[in-house]
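The values are calculated or read from the model by the stated rules, or taken from the named source; none is laboratory data. Just so you know, these numbers come straight off a predicted model, no measurement behind them. Here the Cβ positions follow ideal geometry from the backbone for every residue, glycine too, while neighbour counts run over all protein chains shown.
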Amino acid sequence: MKKNRQAEIAKNLTGKELVFHLLLTQLIIIILAIVLSWILFSDLTAFFNIFKWNTIWIIVGVFSGLAVVALDLLLMKKVPPEYYDDGGINEKIFSNMPVWKIALLSMLIAFAEELLFRGVIHTHYGFWVASIIFALVHIRYLTNWYLLLNVSVLSIWISLLYEYSGQQILPVIFMHFTIDFLLGIKMSRNSIHND
């Protein structure tokens, strides 16, 4: 029943409306991250310490993202298509979207979500709290056991990278961006070929 509701929502909203709601959600996440950072970090230095540039860890982040995409593409060929069915929302968002828009949207999502979930929540409340909340926030996946498992494992992987990098935010932002950007391009290209 819930899957039908998601499909109905996706059917009734245009791609532009879904992108608007996505942007609004990301704005709320950024505001929440800023407010919580102001409350939880002792000072600006402590906050900016998570943004240290470390090329090796950023490369690890990008390669982790590439590994996730490769694994996802392999699984898409092996499992039934309904396992990846989110009600058509992702396809509508990225349908016929130019690469530069996919890049901007992916960067916004990666920055907003990782700032809140890893930069603030993980830093102050730990690995498992951040991983679980990240998975639960992807609410449309809660009705599909496979997508829920997928986003949960991904959340743990991102949290592990954050933890092992010494709680550096840039590697996880690059990882998240790589995943969203490449899968967004795939969905955009699929929509062009299906038209």
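Here is how the numbers come out for the structure above:
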| quantity | calculated |
| --- | --- |
| Options 74, 32: the member that is modelled with pLDDT of 95 or more and closer than 30 Å to residue 126 by Cβ | 32 |
| Hits in region 151-171 (condition: among the hydroxyl-bearing types (Ser, Thr, Tyr) and in contact (Cβ under 8 Å) with a residue 40 or more places away in the chain) | 159, 162, 165 |
| Among residues of region 101-132, those that are under 23 Å from residue 42 (Cα atoms), under 15 Å from the mean Cα position of the chain (by Cα) and either surrounded by fewer than 23 Cβ atoms within 10 Å (Cβ to Cβ) or among the hydrophobic types (A, V, I, L, M, F, W, C) (or both), counted | 6 |
| Count of region 58-79 residues which are surrounded by 15 or more Cβ atoms within 10 Å (Cβ to Cβ) and not in a helix (DSSP H, G or I) | 0 |
| For residue 97: the one exception among (1) under 16 Å from residue 180 (Cβ atoms); (2) in a helix (DSSP H, G or I) | (2) |
| Test: residue in region 34-55 that is part of a helix (DSSP H, G or I), touching a residue at least 60 places away in the same chain (Cβ under 8 Å) and within 24 Å of residue 144 (Cα to Cα) | no |
| Single residue of 181, 177 found to be crowded, with 20+ Cβ neighbours inside 10 Å, touching a residue at least 12 places away in the same chain (Cβ under 8 Å), touching a helix residue (DSSP H, G or I) at 6+ places or on another chain (Cβ under 6 Å) and more than 19 Å from residue 30 (Cα to Cα) | 181 |
| Qualifying positions in region 7-66 - closer than 30 Å to residue 164 by Cα and either touching a strand residue (DSSP E or B) at 6+ places or on another chain (Cβ under 7 Å) or among the aromatic types (Phe, Trp, Tyr) (or both) | 38, 41, 47, 48, 51, 53, 57, 63 |
| Selection count where residues are in contact with a helix residue (DSSP H, G or I) (Cβ under 8 Å, 6 or more places away or on another chain), closer than 19 Å to residue 65 by Cβ and not hydroxyl-bearing (Ser, Thr, Tyr), scope region 139-159 | 7 |
| Filter result for residue 94 (crowded, with 20+ Cβ neighbours inside 10 Å, more than 13 Å from the chain's Cα centre (by Cα) and aromatic (Phe, Trp, Tyr)) | yes |
